[in-house]
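Some notes on the structure that comes next.
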């Protein structure tokens, strides 16, 4: 792995660490409600367990990417970036929120392209 690839992998991991924080710690706060476009505080309260579960899964994605850098495993980084890329596409499609594509899929595919070019 070269420095650009490591930077991109860790950037995608950092994005997912932030998503973990948003989904697990801030879901029911003003910032969480605004960030995710939730309709009401009550809806946020009613869905906080589901959001925390989602956050945990995002944490696994970040952990996998960090592991790929520590173990110097391009194939592991490719796997997790592909998962993130697909999740971003599905998330944008299913929620009709295109910004998910920009936040998750674009950084992941950029990293994939970088990894394929080595």
Task: Conditions (1) more than 11 Å from the chain's Cα centre (by Cα); (2) at pLDDT 95 or above; (3) closer than 21 Å to residue 5 by Cβ: number failed by residue 52 - done: (3)
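Does residue 8 satisfy being assigned to a helix (DSSP H, G or I) and surrounded by fewer than 18 Cβ atoms within 10 Å (Cβ to Cβ)? Spell out the reasoning first.
Numbers: assigned to a helix (DSSP H, G or I): yes; surrounded by fewer than 18 Cβ atoms within 10 Å (Cβ to Cβ): no.
Spelling it out, it is not the case that residue 8 is assigned to a helix (DSSP H, G or I) and surrounded by fewer than 18 Cβ atoms within 10 Å (Cβ to Cβ).
Hey, does the range 56-70 have a residue that's in a loop (DSSP other than H, G, I, E, B), over 23 Å from residue 115 (Cα atoms) and in contact (Cβ under 8 Å) with a residue 12 or more places away in the chain?
No, the range 56-70 contains no residue that is in a loop (DSSP other than H, G, I, E, B), over 23 Å from residue 115 (Cα atoms) and in contact (Cβ under 8 Å) with a residue 12 or more places away in the chain.
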- [ ] Say whether the condition of being in a loop (DSSP other than H, G, I, E, B) and under 18 Å from the mean Cα position of the chain (by Cα) is met by at least one residue in the range 18-28.
- [x] yes
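Just the residues that are in contact with a helix residue (DSSP H, G or I) (Cβ under 8 Å, 6 or more places away or on another chain) and in a helix (DSSP H, G or I), please, taken from the range 87-98.
First, pick out the residues of the range 87-98 that are in contact with a helix residue (DSSP H, G or I) (Cβ under 8 Å, 6 or more places away or on another chain): 87-89, 91-92, 97-98.
Scanning the range 87-98 gives 87, 88, 89, 91, 92.
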Task: Cross-chain or 6+ apart pairs with Cβ under 8 Å, the range 14-30 first and crowded, with 19+ Cβ neighbours inside 10 Å, then modelled with pLDDT of 95 or more and not in a helix (DSSP H, G or I) - done: 27/47
Open item on the list: Restricting to the range 34-55, name every residue that is assigned to a helix (DSSP H, G or I) and closer than 19 Å to residue 104 by Cα.
Closed with: 34, 35, 36, 51, 52, 53, 54, 55
Task: Qualifying positions in the range 99-118 - more than 15 Å from the chain's Cα centre (by Cα), assigned to a helix (DSSP H, G or I) and either crowded, with 16+ Cβ neighbours inside 10 Å or at pLDDT below 95 (or both) - done: 114, 115
TODO: Could you grab me the full set of residues in the range 41-51 that are exposed (fewer than 15 other Cβ atoms within 10 Å of the Cβ) and in contact with a helix residue (DSSP H, G or I) (Cβ under 8 Å, 6 or more places away or on another chain)?
DONE: 41
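The values are calculated or read from the model by the stated rules, or taken from the named source; none is laboratory data. Fair warning: this is a prediction, and the values are worked out from it, not measured in the lab. Neighbour counts run over all protein chains shown; Cβ positions are idealised from the backbone, glycine included.
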